[in-house]
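What follows draws every value from the coordinates through simple rules; no lab data is involved. Since the structure is predicted, the reported quantities are computational estimates derived from the model, not experimental observations. With ideal geometry, Cβ positions are generated from the backbone for all residues, glycine too; neighbour counts draw on all protein chains shown.
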Amino acid sequence: MNGSGIKGKVALVTGGAQGIGAAVAKALAEQGALVAVVDRNEGGVKQVARELIGSGYCAKAYAADVSDANAVEAAVDAIEREMGPIELLANVAGVLRMGPIDAYSDEDWAATFAVNVNGVFHVSRAVVRKMASRNAGAIVTVSSNAASVPRTNMAAYAASKAASTMFTHCLGLEHAKHNIRCNVVSPGSTDTDMQRLLWHDESGPAAVIAGSQQDYRIGIPLQRIADPADIADAVVFLLSDRAKHITMHDMRVDGGATLGA
């Protein structure tokens with residue numbers, strides 16, 4: 001992606017200790033970004049940063065829980081002080097707690113929204129204040145295709161991702177005047193630790209691809225589960241100058257699993 005406008009820019013990536021977040025951090029580093037890797041998993045985020053540095057890239061780890069507004073403000077201030085002005089933001093941190101609605105606990109509901117919605121709000125608010133003063137920036141929130149298609153036993157997750165999607169669209173509308181683009185990437189089933197929690201045996205991937213009439217899932221038309229790198233590529237594109245006239249867009253990366261709905 002030569003000429004992408006990413007090289008030399010400071011990029012903040014939340015949820016960077018594993019899965020899609022780690023893949024986004026790597027993809028941005030490969031494009032020459034100075035990557036601030038943020039996650040509440042201190043050991044994991046430090047390991048990702050070490051691996052990037054060992055590969056010759058510029059990265060620094062910051063341990064912070066995105067559900068804690070004060071911790072987020074402190075981390076953003078530290079990044080700007082130690083690495084430079086944040087020009088790119090990828091909101092990737094997320095949690096999944098499964099269960100039927102009538103048996104779902106208040107704690108599980110609150111914990112899901114604390115990260116998937118409040119976390120996106122806390123980080124975006126802290127970063128966009130900085131970006132707006134400089135009249136430049138790009139933000140991508142990693143949501144889910146579950147934000148647009150109901151899923152059994154995933155009401156809290158789906159509702160939280162729908163909220164973060166609409167929040168990001170509103171963020172983009174309010175800050176277009178500051179030349180800040182805000183977009184969404186909505187993955188489907190992706191080979192991460194979170195996805196593997198849903199697999200009960202070795203037939204897990206095949207069952208996901210095939211779909212389930214009982215659960216009202218049609219399966220994946222492209223006949224494969226996404227790699228984290230597939231999602232990272234979409235995030236990097238939307239953060240890059242190649243997408244300089246794209247904002248408030250929701251890019252579905254799910255192999256056709258939601259039929260574009």
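Just to confirm the number: angle between the C-alpha axis of helix 155-175 and the first principal axis of the chain, 0 to 90 degrees, nearest 10?
That works out to roughly 30 degrees.
Which residues make up the longest stretch of the chain that has no chymotrypsin sites (Phe, Trp or Tyr not before Pro) in a DSSP loop with at most 15 other Cβ atoms within 10 Å?
Value returned for the longest uninterrupted segment is 1-198.
Give the residue from Gln214, His122, Ser4 lying farthest towards the positive end of the charge dipole for the chain; charges sit on Cβ (+1 for Lys and Arg, -1 for Asp and Glu) and the dipole is referred to the Cα centre.
Ser4
For the residues Ile6, Ile220, what sequence is obtained by ranking on other C-beta atoms within 10 Å, fewest first?
Ranking Ile6, Ile220 by Cβ neighbours within 10 Å, fewest first, gives Ile220, Ile6.
Determine the dipole magnitude for the chain: charges of +1 sit on the beta-carbon of Lys and Arg, -1 on that of Asp and Glu, nothing else is charged, the reference point is the Cα centre, and the result goes in debye to the nearest 20.
That gives the chain a dipole magnitude of about 920 debye.
How big is the dipole moment of region 12-96 about its Cα centre under a simple scheme where the beta carbon of each Lys and Arg is +1, that of each Asp and Glu is -1, and everything else is neutral? Debye, nearest 20, please.
Dipole size: approximately 280 debye.
Based on the alpha carbon coordinates of region 61-108, what radius of gyration and maximum Cα-Cα distance (Dmax) apply, in Å?
For region 61-108, the Cα-based Rg and Dmax read 15.7, 48 Å.
For region 30-87 and region 241-261, what is the separation of their C-alpha centers, rounded to whole Å?
The two parts, judged by their Cα centres, are 26 Å apart.
Among Asn153, Gly94, His178, which residue has its Cα positioned farthest towards the positive end of the charge dipole of the chain, with +1 placed on the Cβ of Lys and Arg, -1 on the Cβ of Asp and Glu, and the dipole taken about the Cα centre?
Of Asn153, Gly94, His178, it is His178.
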